[in-house]
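Just so it is clear, none of the values below were taken in a lab; they were calculated from the coordinates. Everything quoted here is computed from the prediction, not taken from an experiment. Reconstructed Cβ throughout: ideal geometry from the backbone, glycine too, with neighbour counts over all protein chains shown.
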Number of protein chains: 2
Amino acid sequence: MGAEGHVDGTVGKALDVLDMVASHGRPVRFSDLLTQSAYPKATLYRLLQTLTNQGMLAFDAGQGTYALGVRLVRLAHAAWAQSSLAPIARPYLDELAEKTGETIHLAQMDLGQVLYVDKRNASKPVEMFSSAGKVGPAYCTGVGKAMLAFLDEAALQAAISRQSFHRFTPHTLDSPTLLKQELAAIRDRGHGFDREEHEPGIICCAVPILSRQGRVLGAVSVTSTTARTSLGALEESAPLIKDIAARIAAEAESWRFPEQT
Amino acid sequence: MGAEGHVDGTVGKALDVLDMVASHGRPVRFSDLLTQSAYPKATLYRLLQTLTNQGMLAFDAGQGTYALGVRLVRLAHAAWAQSSLAPIARPYLDELAEKTGETIHLAQMDLGQVLYVDKRNASKPVEMFSSAGKVGPAYCTGVGKAMLAFLDEAALQAAISRQSFHRFTPHTLDSPTLLKQELAAIRDRGHGFDREEHEPGIICCAVPILSRQGRVLGAVSVTSTTARTSLGALEESAPLIKDIAARIAAEAESWRFPEQT
DNA sequence: GACTAAGTTTCACATAATGGAACCAAACGG
DNA sequence: CCGTTTGGTTCCATTATGTGAAACTTAGTC
């Protein structure tokens, strides 16, 4: 037994390997995985074999590389449809996009990170999957902070401990202390901002989607650029965003949405 | 579930359970899974626990139901980006959509079924993910038949054995014999049709995407309705679709696309 | 307050994962 | 050309891991 943390059982390891392949972003050689994996040769090999048999990985015989398999895409569709807010929120996002004419993001919390599950792009219409499924930092995005602000103490602590606090721009809040102040302000206001904290020139106004019991289900945001508008102007649509968020929450509630951490 | 053969090891079972949850399409109770799973109570229970720990499933304590977890959505993004034609094909599909003004599908083969990986919708712009990741029958869709037509004998045989040949409409080709005739015609022509074989009123013209060695990478189709146009009219865009398919193939080639069965 | 259905835990047991080492096959280099 | 390295696959004794019948604990019912 290697000195591993909470990787329970064989499936844990298998999924770990999956993640490893995913993180590379392109087909990987066996040896690449071997060097970074801590698993012994034979074990890793069998794990890869199994995953390939199962269609979770695709092996390119020509190049000897492994890539994520299509079975994953199929599963993902189901996952997206049944355990994300996206299908429920769709019409509301459409409405918000039309009314504001700006880019809309719908996100959920996933292990301290922001997981984007849907998007409406102002100018270029279609462009999905490519952005749905993307993850981003929680501490320096509008949706991230909006969700963090309404987590209970334990969950917040867990989430904060997972943040990297990398300083993307001069405006990034790069410490737990600064972040907590900001979160308090967001709780008061009911909405948060991204003041070019993640990318220069990109600003947004975000609102959490809360269940009746105050549980954080997700967040919606309206994004724009400093070139086109200002934070003040964006804030004017805060009531509208809140309305949309509330309606999404209500709909989710009636659909008996599973609680997730 | 003895029907499907090689359930290798624990991960095989775990993934099997995942599929089971996915197939329900909505949160499932433990007992529902139990009745249909053939796994004994305790085993299924532990499997579910593990998957939940791993974030592949989300457990709703309030209702005692399991749903697919968000980790899948995250993985899917990577899968879609690295092992599907979609990211490569995107600009070409845009072009095709613009030129034809019709609905465009991009599909790949997955275990004898058609897996849609991207779509451009004529009228309603955004509506993705909802359809990317969807699967459909191969024997009665344009993209499906276009791909089947260019499989080698072994792969074709394997694929055909997986078809249900359900008679969706009066036009459905509901036997291997009929299908094989049609495939020969498609091979000659270089493009195939859907003559309302899957849904009444829906027709399309589809072209396979082939690698230089003749391997089937996927297929593109232009879809419309009998109300709006005719097969003959659709066929006029066949050369255009072929051109697009060829360009996608070329691009995929240069990107050293992994071969997949 | 007995009865049932749904979910969770236990525990003796056997299967199935483990990993060091041997093996094979290309590529390399002298 | 033949020894050597690198990258990948298979063996096999060892034991950790997963197994599932049955016991148990809730939570609902009548």
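Structure above, values below:
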quantity	calculated
Teacher prompt: residue B:177 distances to equivalent labels in other copies, 7 Å Cα→Cβ, nm	8.3
Sorted by Cβ density within 10 Å, fewest first, the residues B:98, A:95, B:197	B:98, A:95, B:197
Pseudo-label separations to other copies for residue B:231 - Cα-to-Cβ vector, 7 Å, nm	6.2
Shortest-first nm distances, residue B:164 label point to equivalent points in other copies (7 Å, Cα→Cβ)	4.5
Whole-percent pair-distance distribution, where bins are 10 Å wide, for the alpha carbons of the range A:84-254	11, 44, 37, 8, 0
Residue of B:27, B:239, B:176 that the Gaussian network model of chain B assigns the largest fluctuation, springs spanning Cα pairs under 10 Å	B:27
Degrees, to the nearest 10: A:176-189 long Cα axis against longest axis of chain A	50 degrees
Cα gyration tensor shape of the range B:9-73, rounded if a/c is under 1.5, else prolate or oblate by comparing a/b with b/c	rounded
Over the range A:17-128, relative contact order from alpha-carbon pairs under 8 Å, at least 6 apart, %	17 percent
Karplus 3J(HN,Hα) series, Hz, for the range B:81-92 with 6.51 cos²θ - 1.76 cosθ + 1.60 (x for Gly, Pro)	6, 9, 10, 10, 6, 3, x, 5, 7, 2, x, 5
Relative contact order of chain B, pairs being alpha-carbon contacts under 8 Å that are 6 or more residues apart, as %	15 percent
At 1.002 mPa s and 20 °C, Stokes D of the protein assembly as shown from Kirkwood alpha-carbon radius, µm² per second	88 µm²/s
Least to most buried among A:222, B:117, A:17 (fewest other Cβ within 10 Å first)	A:17, B:117, A:222
Normalised contact order of the range B:9-73, rounded percent, pairs of Cα under 8 Å and 6 or more residues apart	35 percent
Inter-probe distance in nm under a simple model that places probes 7 Å from Cα toward Cβ, at residue B:60 and residue B:152	4.8 nm
Sites matching trypsin sites (Lys or Arg not before Pro) across the range B:215-253 that sit in DSSP coil, with at most 10 neighbouring C-beta atoms within 10 Å	none
